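K.L.:
Pasting a structure below so you can have a look.
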Amino acid sequence: MFTWLADNLVFSWLQWPRNDPFAHSVHFFVMDTLKIFFMLCGVIYLMGWFRSFITAEQVRNYIQGKSKWVGHLLAIILGALTPFCSCSSVPLFIGFVEAGIPLGVTFSFLIASPMINEIAVVMLLGIVGWKVTVLYVLSGFIVALVGGVLMEKFKAERWVEAYVWQIRMAKTPPLNLAHTLPARHDYALNEVKTIVQRVGLWIIIGVAVGATFHGYFPQEWAESLANQDNFWVVPSAVLLGVPIYANAVGVIPLAEALLLKGVSMGTTLAFMMSIAAISLPELLILRKVIQWPALVLFVIILSVSITLVGWLFNFIL
């Protein structure tokens, strides 16, 4: 639906040529902005209805009775089954935090969702075969698990923006109103308004940055990875992937082109992981949910983890 709307606006109504980089950027911006706002409003609204039935304390108490490793595992599996790009995962991230799910578990989902999904797995199978695909999925699983556990160890909850906790800890509607549909609707709608007011502008800025790189990113930068020495090429690939905005599916054709240009497998997979899990637009949006120390920690943990994975793949293959 969002692609159809963007197609009609940019290529039919405005009649911009499809091969024009600016038109391509605008198309990407329109499509992704609509998609993310739709998801943000939908997820927060549903969470509001959920919290009108069950308090955040009840959710927290239920989760505390379970092993955190089980929580991380379930979050990664859920992330793998939801083929969202990094920015699209942020609305669910916010909803999980509001529901009282531990932040470490929530970060495991945030990492796994854009990095691993069934569509990317199928496409990888056709390009690099089942052995490398399995290694990629296992690597994504480990990165998501390690990232979530480390964020938990550093007690990243202290760096969540205050307004998120205030919304999460807000009481449910009074008992005499809780069972009426208008009360539940008003309660959920108020949460949508609060969150959108906080992060809406940053979503637009983040997607605009990503759309610009999407339309104008020179492929020669990526192809230059084939000419760098073995030690620095993987960190360079991770750094190069940050400004680009796409999910694992969108970046697979670029990864295939890199492999054909002679870029090593580990370097290519590190590039893919960086684009999927540490995109600059995602970080801009995420900054409105968590403070700078948590954001920097998140980037460092993922960058180091992905670099180690790339080096390991290059060593093995």
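K.L.:
Within the stretch 87-97, which residues are at pLDDT 70 or above and either in contact with a Lys or Arg (Cβ under 7 Å, 6 or more places away or on another chain) or aliphatic (A, V, I, L, M) (or both)?
P.N.:
Of everything in the stretch 87-97, those that are at pLDDT 70 or above and either in contact with a Lys or Arg (Cβ under 7 Å, 6 or more places away or on another chain) or aliphatic (A, V, I, L, M) (or both) turn out to be VAL90, LEU92, ILE94, VAL97.
K.L.:
Consider ALA23 carefully, then state whether it is buried (at least 17 other Cβ atoms within 10 Å of the Cβ), of a type outside the set (D, E, K, R) and touching a His at 6+ places or on another chain (Cβ under 6 Å).
P.N.:
no
K.L.:
Residue pairs, Cβ under 6 Å, 6 or more apart or interchain, first in the stretch 298-317 and touching a residue at least 60 places away in the same chain (Cβ under 8 Å), second surrounded by 19 or more Cβ atoms within 10 Å (Cβ to Cβ) and not in a helix (DSSP H, G or I). List them.
P.N.:
LEU302/ILE278; ASN314/SER264
For every residue, the table says whether it meets (1) part of a loop (DSSP other than H, G, I, E, B); (2) under 22 Å from LEU150 (Cβ atoms); (3) over 14 Å from the mean Cα position of the chain (by Cα).
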| site | (1), (2), (3) |
| --- | --- |
| ILE244 | yes, no, no |
| MET272 | no, yes, no |
| PHE298 | no, yes, no |
| ILE306 | no, yes, yes |
| ASN314 | no, no, yes |
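K.L.:
Against the definition (surrounded by fewer than 24 Cβ atoms within 10 Å (Cβ to Cβ) and modelled with pLDDT under 85), how does VAL304 come out, yes or no?
P.N.:
no
K.L.:
Right, SER274: at pLDDT 85 or above and within 22 Å of ILE290 (Cα to Cα) or not?
P.N.:
Details: at pLDDT 85 or above: yes; within 22 Å of ILE290 (Cα to Cα): yes.
Taking the combined requirement at face value, the residue satisfies it.
K.L.:
Quick check on my filter: what residues within the stretch 111-143 are in contact (Cβ under 8 Å) with a residue 60 or more places away in the chain and under 15 Å from the mean Cα position of the chain (by Cα)?
P.N.:
Across the stretch 111-143, the qualifying residues are ILE111, PRO114, MET115, ILE116, ASN117, ALA120, GLY140, PHE141, VAL143.
K.L.:
Within the stretch 201-222, count every residue that is touching a Phe, Trp or Tyr at 6+ places or on another chain (Cβ under 8 Å) and modelled with pLDDT of 80 or more.
P.N.:
Final tally of qualifying residues: 1.
K.L.:
For the stretch 113-153, enumerate the residues that are of a type in the set (Gly, Ala, Ser), over 19 Å from ILE316 (Cα atoms) and modelled with pLDDT under 90.
P.N.:
Of everything in the stretch 113-153, those that are of a type in the set (Gly, Ala, Ser), over 19 Å from ILE316 (Cα atoms) and modelled with pLDDT under 90 turn out to be SER113, ALA120, GLY126.
The values are calculated or read from the model by the stated rules, or taken from the named source; none is laboratory data. Here the structure is a predicted model, which is why all the values come from computation and not from measurement. Neighbour counts run over all protein chains shown; Cβ positions are idealised from the backbone, glycine included.
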